[in-house]
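The values are calculated or read from the model by the stated rules, or taken from the named source; none is laboratory data. Note that the coordinates shown come from a computational prediction; the quantities given were computed from them, not determined experimentally. Glycine gets a Cβ as well: all are built from the backbone with ideal geometry, and neighbour counts include every protein chain shown.
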Amino acid sequence: AQSVTQPDIHITVSEGASLELRCNYSYGATPYLFWYVQSPGQGLQLLLKYFSGDTLVQGIKGFEAEFKRSQSSFNLRKPSVHWSDAAEYFCAVGAVSSASKIIFGSGTRLSIRP
Amino acid sequence: GAVVSQHPSWVICKSGTSVKIECRSLDFQATTMFWYRQFPKQSLMLMATSNEGSKATYEQGVEKDKFLINHASLTLSTLTVTSAHPEDSSFYICSAPGDRGLKNIQYFGAGTRLSVL
């Protein structure tokens, strides 16, 4: 069965510091991987996605993620966080087929220390 | 990019009443839409897959008679919470896969916060 694990429930980093949010997945086939961000009371915004090709993907707002098949990981990184990055971050996995459902991890809440 | 509109954004209702939530794909067609439920400080749990012109597919444990889904057109899916009770209070979010070259990307509505008194 497919699943996504985000081991960190809550992370606090100082503004300007680097960030890495962890994501591990379990999937029987080649997965599509996503990172979404959700601000309080809002819907989800797609940060980046991995379908195939280069394992280091660039996203919006200065985020990037690296797909490591050997570790079943898709960690999200940002070299320098801004106060506006405080939000909930969800890693998700989907099947390699069109219009398929995706499964979300439990989320990591990011707080920024001034 | 594709836009998904969800309405209303917030609804308060009395226990025992029914509430309808709409999910529209504004600039693209969606033969499939997905409905999620999110409890405070928790992740999104897939409730059902809405299929245009056919019955919805519900995830295990989701009551079909409680959460009625209708997908009557290529741009509109509705979720009706019937005989709502306080335990149905939650944040409901819909999504639709993009069309053409964007089929593997889900676009999400802004969500509907349901409060049942």
Margin query: Checking the condition over 16 Å from the mean Cα position of the chain (by Cα) and modelled with pLDDT under 95, which residue from A:Thr30, A:Thr55 passes?
Written below: A:Thr30
Note to self: Here's a check for you: in the stretch A:49-63, which residue that is away from every other protein chain (no Cβ under 11 Å) and polar (S, T, N, Q) is surrounded by the most Cβ atoms within 10 Å (Cβ to Cβ)?
What the structure shows: A:Thr55
Notebook entry, point to check: How many residues, within the stretch B:93-117, are within 13 Å of B:Phe34 (Cβ to Cβ) and exposed (fewer than 14 other Cβ atoms within 10 Å of the Cβ)?
Noted result: 0
Next item on the list: Spot the failing condition for A:Arg113; the list is (1) of a type in the set (D, E, K, R); (2) within 23 Å of B:Gly111 (Cα to Cα); (3) in contact (Cβ under 8 Å) with a residue 60 or more places away in the chain, and only one is missed.
Entry: (2)
Next item on the list: Tally the residues that are within 22 Å of B:Phe39 (Cβ to Cβ), within 9 Å of chain B (Cβ to nearest Cβ) and of a type outside the set (S, T, N, Q), restricting the search to the stretch A:32-45.
Entry: 5
Next item on the list: Examine the stretch A:74-95 for a residue that is buried (at least 20 other Cβ atoms within 10 Å of the Cβ), over 14 Å from the mean Cα position of the chain (by Cα) and more than 11 Å from chain B (Cβ to nearest Cβ), and state whether such a residue exists.
Entry: yes
Notebook entry, point to check: Could you give every pair whose Cβ atoms fall below 8 Å, whose first residue belongs to the stretch B:73-94 and is more than 14 Å from chain A (Cβ to nearest Cβ) and touching a residue at least 60 places away in the same chain (Cβ under 8 Å), and whose second residue is in a helix (DSSP H, G or I) and crowded, with 19+ Cβ neighbours inside 10 Å, counting only separations of at least 6 or pairs across chains?
Noted result: B:Val81/B:Asp88
Check: Hey, A:Leu46 hits all of (1) under 16 Å from B:Ser95 (Cα atoms); (2) surrounded by fewer than 17 Cβ atoms within 10 Å (Cβ to Cβ); (3) of a type in the set (A, V, I, L, M, F, W, C) but one; which does it fall short on?
Finding: (2)
